[in-house]
Amino acid sequence: MTSLPPGFILGTGRCGSTLVHELIARHPATGFVTNLDDLGIRQGNAQQLTLWRRLPAAVSEKGRARLAPSEGYRVLAREVSPMLVDPAQDVTSADLTPWLEKRLHAFVEKRMSGLESAEIFLHKFTGWPRASLIAAAFPDARFVHIVRDGRAVANSWLQMDWWKGHLGPAGWHFGPLSPELDEAWDAAGRTQPALAAIAWSILVDRHEECAAELGDRWLTVRYEDVLEDSRTHLTRILEHLGLTWTDAFESGISRYSLSSGRKAAYLQDLTPAQVATMESLIGDQLARYGYR
């Protein structure tokens with residue numbers, strides 16, 4: 001039986017939210033969806049969580065057979081709605097039907113059943129925040145937005161096999177560009193690095209709108225700050241969710257080696273002209289988050 005409102009880790013994708021989600025999920029008071037659950041293997045859900053917390057961080061590495069916390073998009077599509085999985089624009093409270101609200105609550109209750117020590121359901125979404133809809137379904141839910149330098153995010157997107165920017169706004173993940181953004185992309189030569197930077201700005205702006213709507217239910221944390229001072233910023237996240245730093249949590253996160261070594265890899269992966277174009281497009285957002 002949960003005693004804390006559900007908590008959601010949000011981010012643009014390739015922003016460090018997966019690592020933060022895994023770190024917070026090491027807390028024994030959290031319950032969450034695993035990748036096995038996502039594949040339809042729910043038997044022994046409590047045992048899956050217990051086993052994962054006993055294993056080294058390497059078992060969560062992508063690109064291998066693994067056990068790990070999951071965004072659970074396949075199981076969400078099956079048990080809730082594809083609307084939450086790949087919307088062409090952000091979903092809001094206006095999209096929340098009573099039918100969908102019941103399915104969301106049933107989804108969370110099913111994942112938390114049998115977890116005797118769990119106090120909070122923890123989940124992660126990337127891309128659109130979906131926070132307006134979720135907050136309407138769970139009026140006391142808490143949200144943690146993980147933000148990362150948009151140049152690094154855009155650079156990483158360009159290297160992903162799921163990036164659809166090569167299809168242009170008619171075929172990518174985020175719907176049509178506004179006339180203003182289309183004009184800005186045209187002025188930048190309609191290049192892929194420029195479009196990736198614009199995509200980051202679209203998502204960050206939407207997260208900021210949700211932050212304004214949700215007030216003190218929202219916490220924004222820079223990924224780079226987590227890497228450089230994990231104790232301070234993980235404590236902030238735990239406290240925002242209603243949790244405390246415990247010996248068990250500290251033991252769990254000690255399995256991870258946090259490094260900020262690649263935070264400026266975009267300087268090697270992109271040309272100076274491409275970086276300059278990105279900065280001309282997203283400079284205002286970068287400055288708001290303290291990125292030089």
If I ask for residues that are surrounded by fewer than 21 Cβ atoms within 10 Å (Cβ to Cβ), over 20 Å from the mean Cα position of the chain (by Cα) and assigned to a helix (DSSP H, G or I), which ones from the range 8-47 would you list? A46, Q47
Are any residues in the range 48-87 polar (S, T, N, Q), more than 18 Å from the chain's Cα centre (by Cα) and closer than 28 Å to A131 by Cβ, and if so, which ones? Q48, S81
Filter result for T50 (farther than 29 Å from E208 by Cβ, free of Cβ contacts under 8 Å to residues at least 60 places away in the same chain and buried (at least 21 other Cβ atoms within 10 Å of the Cβ)): no
Can you find a residue that is crowded, with 21+ Cβ neighbours inside 10 Å, within 19 Å of T126 (Cα to Cα) and in contact with a helix residue (DSSP H, G or I) (Cβ under 8 Å, 6 or more places away or on another chain) anywhere in the range 172-181? no
Using the structure shown, decide if T220 is of a type in the set (S, T, N, Q), open to solvent by 30 Å² or more (accessible area, probe 1.4 Å) and under 25 Å from L4 (Cβ atoms). yes
Would you mind telling me which numbered condition in (1) on the phi < 0 side of the Ramachandran plot; (2) open to solvent by 20 Å² or more (accessible area, probe 1.4 Å) G215 fails? (1)
Condition check: more than 22 Å from L227 (Cβ to Cβ), touching a Gly at 6+ places or on another chain (Cβ under 7 Å), modelled with pLDDT of 95 or more and surrounded by 15 or more Cβ atoms within 10 Å (Cβ to Cβ). Does I146 satisfy that? no
Can you tell me which residue among A154, A194, A188 is touching a residue at least 12 places away in the same chain (Cβ under 8 Å), under 24 Å from L286 (Cβ atoms), open to solvent by 20 Å² or more (accessible area, probe 1.4 Å) and of a type in the set (G, A, S)? A188
I need a count of the residues in the range 234-250 that are out of contact with any Phe, Trp or Tyr (no Cβ under 9 Å at 6 or more places or on another chain) and on the phi < 0 side of the Ramachandran plot. 10
Some residue of the range 33-46 being closer than 20 Å to P129 by Cα, in contact with a strand residue (DSSP E or B) (Cβ under 6 Å, 6 or more places away or on another chain) and in contact (Cβ under 8 Å) with a residue 24 or more places away in the chain: no
Restricting to helices (runs of 4 or more DSSP H) lying wholly in the range 241-291: which have 1 or more residues that are at pLDDT 95 or above and over 30 Å from A29 (Cβ atoms)? 266-269, 272-288
Give all pairs with beta carbons closer than 7 Å in which a residue from the range 227-239 that is farther than 14 Å from H27 by Cα meets a residue that is part of a helix (DSSP H, G or I); count only pairs at least 6 apart in sequence or on separate chains. H233/D225; H233/V226
I need the full set of residues from the range 183-235 which are aliphatic (A, V, I, L, M), touching a His at 6+ places or on another chain (Cβ under 7 Å) and outside any helix (DSSP H, G or I), in order please. L219, V221
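The values are calculated or read from the model by the stated rules, or taken from the named source; none is laboratory data. Keep in mind the model is a prediction, meaning the values are calculated, not measured. Neighbour counts are summed over all protein chains in view; Cβ atoms, including those assigned to glycine, are modelled from backbone coordinates with ideal geometry. Areas reflect the complete protein model, heavy atoms only, side chains present, ligands, DNA and RNA absent. Shrake-Rupley method; radii C 1.70, N 1.55, O 1.52, S 1.80 Å.
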